[in-house]
Amino acid sequence: MVSAEAVWDALAEIPDPEIPVISLVDLGVIQSVDVGERVHVRFTPTFLGCPALEVMKHALEEKIAELGAEPEIEVVLDDSWSTDRITAVGREKLRAAGFAPPAPREATAPRLVQLQTDAFRCPYCGSTETKLENIFGPTPCRLLRYCTSCRQPFEQFKTI
Amino acid sequence: MNARSRVEVLLELADDELILGWRDSEWTGIAPLLEEDVAFSSIAQNEIGHARALYELAARELGTDADALAFDRAPDEYRCAPLVELRRLEWARTIARHWLYETADEIRLAVLKASDDPEVAGLAAKIDREEAYHRMHAEMWIDRLLATEEGTTRLREAIDELWPYALGVLDGELRLQLVERVRGRLPFDLPEVEPVTRGQHTEELRELWDEMTEVRRSAPTGAQW
């Protein structure tokens, strides 16, 4: 029988379909792995409308099947995933790829004034002289900022 | 809301989000500003994602699947509020509808988040995290419109027209909360009108339904997508 550790190692090789520099394990969307008769994986979506959801689910199933086990993927539809679950390694990979990592989740929902005034660091030059361009971006999980120091627009992960 | 069954509550919310998501997506490619094209496309994607998750919960109870609930019902079987059905390809009305809906939705989600049904409460909390960005966007627009005389006039005209529909999104105590919030935010009076409530449908829903379900209806029953 395959070990839970071997499953985790295998899942850590699956890239995020939209931002392949980071793995599904780095992203924190794998909640648990239980090895029994089948390999039961609890998986939480990032954003509910994320089109990569189905792709991620199939990638998980394929990877587990490659280990010779039968996959059972449970999609958890609750609030248990937060951008705080992105690992330290994951955050660094995002930054290196030009995506500013998300700010920590707070007790209350993020407010516009925070997005407009808080210091968000440019992933290219490190300056905090950046401004909000749009609270929406190319995918549900990202918003657009502009660095006034190096004059580079960049994408920031939304805090969820 | 307690008088309605769990499935009815889920379908009301899911149908609102699906139909509004569809309406929002009509701005893709033609919004008056590129930033708004991005915003409304993204909001549409979120709303339809919420609808899918809600349909999945309802489908488990009904022994069907999310696609069947989204596409295989007749237009009269949808439980959405008439507010989301309206096709308003005019910017001030789109913004007014967006803000009125998000304000009502926040009130409704707060109740669902406190539900003692853990699945409903969990999903409502997840949806609300995403809706926080929609509300920010809508509020930003209200500030922008109220900052000028022309903006205020156009917002007022749009609110006057949409207010009966907005009242119909919620009922009972929640409707009163909506009235209080909207009244507290706007510098002008709201018209005294009767709500256009859930259960009635506009002709615009029928047209949307024809378009939305066309591909699915054209394929044989049981086709795998």
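Descriptive notes on the structure:
- Which numbered condition residue B:105 misses (of (1) at pLDDT 95 or above; (2) acidic (Asp, Glu); (3) surrounded by fewer than 21 Cβ atoms within 10 Å (Cβ to Cβ)): (3)
- Test set (1) modelled with pLDDT of 95 or more; (2) more than 14 Å from chain B (Cβ to nearest Cβ); (3) in contact with a strand residue (DSSP E or B) (Cβ under 7 Å, 6 or more places away or on another chain) - residue A:87 fails condition number: (3)
- Hits in region B:125-178 (condition: touching a strand residue (DSSP E or B) at 6+ places or on another chain (Cβ under 9 Å) and more than 14 Å from every other protein chain (Cβ to nearest Cβ)): B:168, B:169, B:171
Yes/no per residue for (1) free of Cβ contacts under 8 Å to residues at least 12 places away in the same chain; (2) not in a helix (DSSP H, G or I):
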position	(1), (2)
B:165	no, no
B:169	no, yes
B:184	yes, no
B:188	no, yes
B:193	no, yes
B:196	no, yes
B:206	no, no
B:209	no, no
B:221	yes, yes
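- With respect to being farther than 30 Å from residue B:69 by Cα, away from chain A (no Cβ under 14 Å) and either of a type in the set (Lys, Arg) or touching a residue at least 24 places away in the same chain (Cβ under 8 Å) (or both), residue B:111 falls outside the description.
Yes/no per residue for (1) at pLDDT 95 or above; (2) in a loop (DSSP other than H, G, I, E, B); (3) closer than 17 Å to residue B:126 by Cα:
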residue	(1), (2), (3)
A:47	no, yes, yes
A:53	no, no, yes
A:59	yes, no, no
A:62	yes, no, no
A:65	yes, no, no
A:73	yes, no, no
A:79	no, yes, yes
A:104	no, yes, yes
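- If the condition is being within 14 Å of chain A (Cβ to nearest Cβ) and either in a loop (DSSP other than H, G, I, E, B) or β-branched (Val, Ile, Thr) (or both), then region B:40-90 contributes B:43, B:48, B:65.
- The residues of region A:109-136 that are at the interface with chain B (Cβ under 7 Å from one of its Cβ atoms) and either part of a strand (DSSP E or B) or among the small types (Gly, Ala, Ser) (or both), listed by number, are A:109, A:134.
- Residues that are part of a loop (DSSP other than H, G, I, E, B) and acidic (Asp, Glu) do not occur anywhere in region B:96-109.
- Which numbered condition residue B:71 fails, given (1) without any contact (Cβ under 8 Å) to a residue 60 or more places away in the chain; (2) surrounded by fewer than 20 Cβ atoms within 10 Å (Cβ to Cβ): (1)
- Check on residue B:106, within 11 Å of chain A (Cβ to nearest Cβ) and under 19 Å from residue B:163 (Cα atoms): yes
- Top-ranked residue in region A:34-45 [being hydrophobic (A, V, I, L, M, F, W, C) and under 24 Å from residue B:125 (Cβ atoms); ranked as nearest to the other protein chains (Cβ to nearest Cβ)]: A:43
The values are calculated or read from the model by the stated rules, or taken from the named source; none is laboratory data. Note that the structure is a prediction, hence the values are computed from the model and not measured. No Cβ is skipped: glycine too gets one built from the backbone with ideal geometry, and neighbour counts run over all protein chains shown.
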